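A quick write-up on the structure given underneath.
The values are calculated or read from the model by the stated rules, or taken from the named source; none is laboratory data. Since the structure is predicted, the reported quantities are computational estimates derived from the model, not experimental observations. No Cβ is skipped: glycine too gets one built from the backbone with ideal geometry, and neighbour counts run over all protein chains shown.
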Amino acid sequence: MIAFNKYYNHFNLLSSVLIVISLLLLIFKGLNFGIDFKGGTLIELRASDSKINVSSLRDKFNQMNLGDVSVKKFGNKTDFLVKFENKDNKKNIIGEIKVNLDKSFGNNYDFRRVENVGPKVSAELLKSGVIAITLSLALMLIYIWIRFEWQFSLGAILALFHDVIVTLGVFSLFSLEINLSIIAAVLTIVGYSMNDTVVIFDRVRENLRKYSDIKIFELTNISINETLSRTIITSATTLLALLAIYFFGGEILKGFSLAMILGVVFGTYSSIYIANTVLVRLRVSQKTVLREDENK
Amino acid sequence: MLYFSKLRILFITLFSVLFILIASSNLFKFDDNFFDKKINLGLDLQGGSYLLLEIDNEPVIEQKLQNLTTTIRNYFKEKNIKINNIKIENQNIFFNVMENDKQSVLDVFQDENSDLNPYYPRFKSHQLEIEDTGLNFKLNFSRQGLIQLKTSSQDQAIEIVRRRVDEVGTNEPNILKRGNNRILVELPGLDDPMRIKSLLGKTANLTFRFVTNDQNDRFGVEKLKFENGLEEATVSKRIIISGENLLDAQPKMDTQANQTIVSFTLDRVGAKRFGKATSTGIGKQLAIVLDGKIISAPVVRDTIASGSGQISGGFTFQTATDLALLLRSGALPAPLEIIEERTVGPDLGQDSINAGMIALAIGFMLVIIFMFVKYKIFGLITNVTLIVNLFILLGVLTLFEATLTLPGIAGIILTVGMAVDANVLIFERIKEELKDETNNILAFDGGYTKSRTAILDANITTLLAAIILFFMGSGPVKGFAVTLGVGIFTTLFSVYFIARLFTSIYVSRNKNKEKLI
């Protein structure tokens, strides 16, 4: 048996530090919102001429007075991602850009993807993203409240907050782009982390009913160990699937799978070191469970 | 938990085979209608354009209020009530009346049978709200009136949008209402939406009006620019004919002048008016105005009574074709703005499909190998279940002709990773049971029973997340929610029926074997 409970305090401290750092990053550095949430235009461009590279593209786009233009490589050598704000929301901007590029590059390039999100739509998308995440957290809270005692529900929600905040913290730290698919990833993380916590909690509750003489400090450790191989196997297979998406699923899914990978790692960790420690700190005992049983 | 009746085995087999058949209908062509279903590919996979249009209702409201002032004046004139100082400001109509008329004016606007101010009994609301301060009235659209106005202009606009898109002839466009002032246009297979965008961006409000120098024209005058943006002309506000009077419009080559023109045919009313105007206005310039810009202003040389004519204005064949198309499909009730556009080229779509399939195959292989190494025979059972699960998932998506997107493929891969969870929970529990239970069958039975709540809880939490995503997410993300959500059900089915069936067969044949798992 691994003595997970020996490190409860250490990891609680670590998690608190991580959450504080993440919050500070989110407040002061903020998130790198993509055009979905900030509005603007995105062009994925494939070149068939080696003359076309990041700097020549940047020069050309800067001459067009589009405001702040970012040009980046996207996946392989010939693909580029161009983003700009399109502040005036010009109507036929794509057409104008094509005419301009044709002059310098002929038809040695191809627009593979064009996205243009107006300021109104991006504000709405951001709002519905925030609502979706809040709503999912609330629903999880309610569900776990119905299924377990409130101490469990608090533990699970703290673990969820930890996972969401730290994942977003990593995105902020490395200025990774937040777009619609990241919201999808965050919601899935919420589901996954909850899933992981619930399995351990289920065992904790069962053991609480079984043993009256074991303290919660020991009991959580027993439960974690009993479910450990399941935790490891499920995390492993999920991570294998996600790694396959990350490395082979193409550029577009990179951000999504990265967020999910982080989420699965944090989710597995938090089920052990946050959710359970809350039970310990709240001094959950057999009485907690039995009282609840009587009420039901 | 381990007992299966013959009937149940039959049912499970039939059900699985049915969905595998449905899933495989994506690959083969079946003559049967039931099997001839396919998963739709999202725009991000097959390539295409997604346009979200917003109707700018300001001009419509402005126009309606303008008309209303005239109506009000005439209406009360008949009743010998004098309306003074009527004017429009910030979408409100202001006017004042004499003291002894005040009540009768209020009565008219508050009458539920009023034809001046329609009443919607279902919403208990009039079209217009009236407020009075002394003898001054303020009139504006009520909430319900505004909604009514928006829906009606949306209804008209979507009709025109449909006609324009159909005329261009793209395959299977999808045109839908969004809210009460937006229209969603999905154009599969279109990698350059430039032409459709420019067609949808035009209101196509066509009028024929005389150029005048008389500043005291009875209908008022306005200065309008020519299409080239350089010249200007003063044009009367009196409309001779408008786009509504057109029956048909076609691009033509004028061989005499060697230029492309748009020829048009007028309806009876239009022909009559056009004939009259051209007979009285010989020698005058008739301006052809499209969306506030003059296309051309030819001099009237003859009376045109035939009800047909032509517009010239230095068109190329393309611009003439587009103008004719716009005139044929009619004017939009209000300007449209493209507020969101997402276009994916077909080759990127194909690349995404390939990448998604490779990721799926690799993810699948990794999970299968992992499970086999970890659980041997039970790993094999899990793997067979996983394959059947995948087919059933595809079968369900096919049956409902769901739309598969790139995030949707990610959802399937994720399902593969998470689907083993339930089996792992069960197997691990069985291992624990076997520690103090020597009877294999009882241990397996206990494993299944005791792991049930954890499996249920775990899957419901993921399902909740998927449901929220489905309702809050848009486009491709919705596809992810669908595969993730459906995946949960197919996983539970395959774990509790298929995997359990295999397990029970294996366990009952090896009842007395030690260290079964």
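List of remarks:
- Top-ranked residue of the range A:114-137 - restricted to ones that are among the hydroxyl-bearing types (S, T, Y) and within 9 Å of another protein chain (Cβ to nearest Cβ), ranked as nearest to A:T41 (Cα to Cα): A:S122
- Taking the listed residues B:P476, B:P407, the one that is assigned by TED's automatic domain parsing to the domain that holds B:K38, in contact with a Pro (Cβ under 6 Å, 6 or more places away or on another chain) and at pLDDT 90 or above is B:P407, with no other qualifying.
- Matching option when the condition is within 30 Å of A:K287 (Cβ to Cβ), within 8 Å of chain B (Cβ to nearest Cβ) and at pLDDT below 95, among A:N195, A:N207: A:N195
- Scanning the range B:357-370 for residues that are at the interface with chain A (Cβ under 7 Å from one of its Cβ atoms) and either over 14 Å from B:G411 (Cα atoms) or surrounded by fewer than 21 Cβ atoms within 10 Å (Cβ to Cβ) (or both) turns up B:I358, B:I362, B:L366, B:V367, B:F370.
- Within the range A:209-246, the set of residues being assigned to a helix (DSSP H, G or I), of a type in the set (G, A, S) and out of contact with any Gly (no Cβ under 6 Å at 6 or more places or on another chain) comprises A:S223, A:S229, A:S235, A:A236.
- The single condition from (1) within 30 Å of B:V17 (Cβ to Cβ); (2) within 12 Å of chain A (Cβ to nearest Cβ); (3) in contact (Cβ under 8 Å) with a residue 60 or more places away in the chain that B:I498 fails is (2).
- If you go through the range B:204-226 and keep only what is of a type in the set (D, E) and either crowded, with 18+ Cβ neighbours inside 10 Å or in a strand (DSSP E or B) (or both), you end up with just B:E222.
- Among the residues of the range B:406-426, not a single one is more than 13 Å from chain A (Cβ to nearest Cβ), within 20 Å of B:A359 (Cα to Cα), touching a residue at least 40 places away in the same chain (Cβ under 8 Å) and buried (at least 22 other Cβ atoms within 10 Å of the Cβ).
- Of the criteria (1) more than 7 Å from every other protein chain (Cβ to nearest Cβ); (2) crowded, with 16+ Cβ neighbours inside 10 Å; (3) within 17 Å of the chain's Cα centre (by Cα), which one A:F152 fails: (3)
- Only one of B:N180, B:N117 that is assigned to a loop (DSSP other than H, G, I, E, B), at pLDDT 90 or above and within 22 Å of B:N57 (Cβ to Cβ): B:N180
- Odd one out for B:T453 among (1) surrounded by fewer than 18 Cβ atoms within 10 Å (Cβ to Cβ); (2) more than 7 Å from chain A (Cβ to nearest Cβ); (3) of a type in the set (S, T, N, Q): (2)
- Test result for A:G255, within 14 Å of another protein chain (Cβ to nearest Cβ) and touching a strand residue (DSSP E or B) at 6+ places or on another chain (Cβ under 9 Å): yes
Residues checked against (1) surrounded by 15 or more Cβ atoms within 10 Å (Cβ to Cβ); (2) more than 32 Å from the chain's Cα centre (by Cα); (3) basic (K, R):
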{"position": "A:K87", "(1), (2), (3)": "no, no, yes"}
{"position": "A:V99", "(1), (2), (3)": "no, yes, no"}
{"position": "A:K103", "(1), (2), (3)": "no, yes, yes"}
{"position": "A:G106", "(1), (2), (3)": "no, yes, no"}
{"position": "A:Y109", "(1), (2), (3)": "yes, yes, no"}
{"position": "A:R112", "(1), (2), (3)": "yes, no, yes"}
{"position": "A:E115", "(1), (2), (3)": "yes, no, no"}
{"position": "A:E124", "(1), (2), (3)": "yes, no, no"}
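- Any pair with Cβ under 8 angstrom, 6 or more apart, that starts in the range A:229-252 at a residue that is closer than 23 Å to A:K73 by Cβ and more than 7 Å from chain B (Cβ to nearest Cβ) and ends at one that is of a type outside the set (V, I, T) and assigned to a helix (DSSP H, G or I): A:L243/A:S257; A:L243/B:G363; A:L243/B:L366; A:Y246/A:L253; A:Y246/A:K254; A:Y246/A:S257; A:Y246/A:L258; A:F247/B:A359
- The residues of the range B:459-484 include none that are in contact (Cβ under 8 Å) with a residue 40 or more places away in the chain, more than 20 Å from B:I39 (Cα to Cα) and more than 7 Å from chain A (Cβ to nearest Cβ).
- The range B:171-203, subset of a type in the set (A, V, I, L, M) and more than 30 Å from B:Q310 (Cβ to Cβ), residue surrounded by the fewest Cβ atoms within 10 Å (Cβ to Cβ): B:L176
- Of everything in the range A:10-51 that is of a type in the set (S, T, N, Q) and touching a residue at least 60 places away in the same chain (Cβ under 8 Å), the residue that is surrounded by the fewest Cβ atoms within 10 Å (Cβ to Cβ) is A:S48.
- Among the candidates B:S104, B:S142, residue that is buried (at least 16 other Cβ atoms within 10 Å of the Cβ), under 24 Å from B:I86 (Cα atoms) and in the same structural domain as B:L65 (by TED's automatic domain parsing): B:S142
- The range B:192-235, residues that are among the polar types (S, T, N, Q) and either closer than 25 Å to B:R328 by Cα or within 14 Å of another protein chain (Cβ to nearest Cβ) (or both): B:S198, B:T203, B:N205, B:T207, B:N228
- Restricting B:T316, B:T280, B:T303, B:T343 to those that are within 30 Å of A:N86 (Cβ to Cβ) and surrounded by fewer than 16 Cβ atoms within 10 Å (Cβ to Cβ) reduces the list to B:T316.
- Considering (1) under 28 Å from the mean Cα position of the chain (by Cα); (2) surrounded by fewer than 18 Cβ atoms within 10 Å (Cβ to Cβ); (3) of a type outside the set (S, T, N, Q), the lone condition that A:F80 does not fulfil carries the number (2).
- So B:E433, is it acidic (D, E), without any contact (Cβ under 8 Å) to a residue 60 or more places away in the chain and in the same structural domain as B:I369 (by TED's automatic domain parsing): yes
- Positions within the range A:94-113 being among the small types (G, A, S) and more than 12 Å from chain B (Cβ to nearest Cβ), in sequence order: A:S104, A:G106
- Test: residue in the range B:375-389 that is assigned to a strand (DSSP E or B), more than 10 Å from chain A (Cβ to nearest Cβ) and closer than 15 Å to B:G487 by Cβ: no
- Selection within the range B:309-319 - of a type in the set (A, V, I, L, M, F, W, C) and within 19 Å of B:T207 (Cβ to Cβ): B:I311, B:F315
- The range B:436-458: number of residues that are of a type in the set (V, I, T) and either in contact (Cβ under 8 Å) with a residue 60 or more places away in the chain or not in a helix (DSSP H, G or I) (or both): 3
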